[in-house]
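*Asks:* Here it is, the structure, as structure tokens.
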Amino acid sequence: MSDADDTVVSLQDVEVHFEEDDSLLGLFSEPDTVHAVDGVSLDISENDVVALVGESGCGKTTLGKAAIGMRRPTGGSVRYRGQDIWDAKDGRGDVTVPYQDIRKALQIIHQDPGSALNPYRMVKNNLEEPLKRWQKDLSDEDRTARILHLLETVGMAPPEDYAERYPHQLSGGEKQRVALIRSLLMNPDLILADESVSALDVSLRVEMMDLMLELQDQFDTSYLFISHDLSNARYITEKADGRIGIMYLGKLVEIGPPEQILNDPQHPYTKALRWSSPDLRIDPSDDELPMRKIDIPDPIDPPSGCRFHTRCPVAREACKGETPEAFPVDDSSDHGAACYRVLENHEYWESQPLDNTEDEQTYRKQFGD
Ligand code: SF4
């Protein structure tokens, strides 16, 4: 747990494993264990913005859900203002923050805003529902006033008109704004924005991220922003002075301020992600091979040692042994990378490079060069 007083959510060595039983054979065999998240520690402070980036299946959404108490971790702890969320839910030990308060303080906006809205109810009824559930002392007038004020704040004017519409009468961007209002109604401390701008076109995406940041100032909230797109992560974290965390196969492999993650990435996987975002490539003509194998290993049986070693172009024998921790890149910032190359005197430098000739040929056949 972090000592900082302004830490809202603290994840310590969080692990989320679950069993997957995807065939009839499951009747006769043991289900497989998926290692969705493994040993991730992360503190999120007040008014913070942390963007988690990685390929599909890297565990970023599972980690995000664990951070807001929507997913019970199978190991480690998740604390809200020092209170273990699951102890609060289960009534274990000396509970200092009631679970109800935690649920209100930690909210989510989904990728598909429609999934959070009842299609048969008007916008105002959709927005009233959480207020009725969580803030029973609000009068009808106060509830309506709050909803209209928020609709106006997010640019949905005249608010009385939007309040009477049904979800199908809204555009994608408007639905996403209503979903944002819904998450803000409780004055939350942290909002998990799970690919919440991915389905919007580029200009709306920027508009939505600007709106989220504007509202962050008004509501004093923090965002855990999940995206597969490094450009979106850069946009929101640069404006908010936040951090980008890179996830690979259930591990947080690099974290730091956006300018360091993008201009001085230390983990070879971060370099590969930057390489695959043409607008972020430092040299667009750069054809240096960023990864060995193209297949993401199976999270049911992740590689030993550094999980990236089967794809890493600079992997050596030492990378197959111990799993690297997130080492600080320098003393002056909160930039860390889980790669042995960050350590000057690690045995990595003396060990043999892994033979990647065959992988390189496979890769070049698939992608050309
Ligand atoms: Fe590559 Fe080794 Fe660093 Fe892992 S520890 S990223 S395999 S160099």
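*Asks:* Does any residue in the stretch 297-324 that is more than 28 Å from Glu19 (Cβ to Cβ) come within less than 9 Å, Cβ to Cβ, of a residue that is within 8 Å of the ligand (Cβ to nearest atom) and of a type in the set (D, E, K, R) six or more places away or on a different chain, and which pairs are these?
*Replies:* Val314/Arg341
*Asks:* Turning to a different aspect of this structure: Being assigned to a helix (DSSP H, G or I) and within 12 Å of the ligand (Cβ to nearest atom) is the filter here; which residues of the stretch 333-352 pass it?
*Replies:* First, pick out the residues of the stretch 333-352 that are assigned to a helix (DSSP H, G or I): 340-342, 347-350.
Correct list: Tyr340, Arg341, Val342, Glu347, Tyr348, Trp349.
*Asks:* Could you check, for the stretch 176-185, whether at least one of its residues is under 21 Å from Tyr80 (Cα atoms) and hydroxyl-bearing (Ser, Thr, Tyr)?
*Replies:* Within the stretch 176-185, one or more residues are under 21 Å from Tyr80 (Cα atoms) and hydroxyl-bearing (Ser, Thr, Tyr).
*Asks:* Which ranges mark the strands (runs of 3 or more DSSP E) fully within the stretch 203-315 that have 3 or more residues being within 16 Å of the ligand (Cβ to nearest atom)? It would help to see each step written out before you state the result.
*Replies:* Values: elements: 222-227, 243-248, 251-256.
In the stretch 203-315, 243-248, 251-256 are the strands (runs of 3 or more DSSP E) which contain 3 or more residues that are within 16 Å of the ligand (Cβ to nearest atom).
*Asks:* Does Arg205 satisfy being within 21 Å of the chain's Cα centre (by Cα) and touching a residue at least 12 places away in the same chain (Cβ under 8 Å)?
*Replies:* Values: within 21 Å of the chain's Cα centre (by Cα): yes; touching a residue at least 12 places away in the same chain (Cβ under 8 Å): yes.
Taking the combined requirement at face value, the residue satisfies it.
Condition check ((1) under 17 Å from the mean Cα position of the chain (by Cα); (2) at negative phi; (3) not polar (S, T, N, Q)) across all residues:
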position: Phe225; (1), (2), (3): yes, yes, yes
position: Thr237; (1), (2), (3): yes, yes, no
position: Asp241; (1), (2), (3): yes, no, yes
position: Gln260; (1), (2), (3): no, yes, no
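*Asks:* Looking at the stretch 162-188, which of its residues are in a helix (DSSP H, G or I) and of a type in the set (Ser, Thr, Tyr)?
*Replies:* So the first thing to find is which residues in the stretch 162-188 are in a helix (DSSP H, G or I), and the list is 162-163, 167-169, 172-184.
Residues satisfying the conditions are Tyr162, Ser183.
*Asks:* Is it fair to say Ser222 is at pLDDT 95 or above, farther than 23 Å from Cys339 by Cβ and in the same structural domain as His17 (by TED's automatic domain parsing)?
*Replies:* On the way: at pLDDT 95 or above: yes; farther than 23 Å from Cys339 by Cβ: yes; in the same structural domain as His17 (by TED's automatic domain parsing): yes.
The answer is yes for Ser222.
Okay, residues lined up against (1) buried (at least 21 other Cβ atoms within 10 Å of the Cβ); (2) not in a helix (DSSP H, G or I):
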{"residue": "Pro119", "(1), (2)": "no, yes"}
{"residue": "Leu127", "(1), (2)": "yes, no"}
{"residue": "Leu131", "(1), (2)": "no, no"}
{"residue": "Ile147", "(1), (2)": "yes, no"}
{"residue": "Glu160", "(1), (2)": "no, no"}
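*Asks:* Okay, moving on. Tell me, please, whether a residue that is part of a helix (DSSP H, G or I), over 22 Å from Phe219 (Cα atoms), in the same structural domain as Arg243 (by TED's automatic domain parsing) and modelled with pLDDT of 95 or more can be found in the stretch 44-61.
*Replies:* Within the stretch 44-61, the subset part of a helix (DSSP H, G or I) is 60-61.
Those left that are additionally over 22 Å from Phe219 (Cα atoms): 60-61.
Filter again for in the same structural domain as Arg243 (by TED's automatic domain parsing), leaving 60-61.
Going one step further and asking which of them are modelled with pLDDT of 95 or more, we end up with 60-61.
Taking every residue of the stretch 44-61 in turn, at least one turns out to be part of a helix (DSSP H, G or I), over 22 Å from Phe219 (Cα atoms), in the same structural domain as Arg243 (by TED's automatic domain parsing) and modelled with pLDDT of 95 or more.
*Asks:* Something else about it: Of all residues in the stretch 79-97, how many are in a loop (DSSP other than H, G, I, E, B) and of a type outside the set (S, T, N, Q)?
*Replies:* Taking the stretch 79-97 and keeping what is in a loop (DSSP other than H, G, I, E, B), we get 81-82, 91-97.
Still in the list and also of a type outside the set (S, T, N, Q): 81-82, 91-95, 97.
Here the count works out to 8.
*Asks:* Which pairs have Cβ atoms under 9 Å, sit 6 or more apart or on different chains, and link a residue in the stretch 156-174 that is assigned by TED's automatic domain parsing to the domain that holds Gln111 to one that is assigned to a loop (DSSP other than H, G, I, E, B) and loosely packed, with under 12 Cβ neighbours inside 10 Å?
*Replies:* Tyr166/Pro119; Tyr166/Tyr120; Pro167/Pro119; Pro167/Tyr120; His168/Pro119; Gly172/Asp201; Gly173/Asp201
*Asks:* Of these, Gln107, Gln100, Gln111, which one is assigned by TED's automatic domain parsing to the domain that holds Asn47, surrounded by 15 or more Cβ atoms within 10 Å (Cβ to Cβ) and outside any loop (DSSP other than H, G, I, E, B)? Outline the logic, then answer.
*Replies:* Numbers: Gln100 fails: surrounded by 15 or more Cβ atoms within 10 Å (Cβ to Cβ); Gln111 fails: outside any loop (DSSP other than H, G, I, E, B).
Criteria check complete, one pass: Gln107.
The values are calculated or read from the model by the stated rules, or taken from the named source; none is laboratory data. Keep in mind that what you see is a predicted model, and the values were worked out from it rather than measured. Here Cβ is always computed from backbone atoms with ideal geometry, including for glycine, and neighbour counts include all displayed protein chains.
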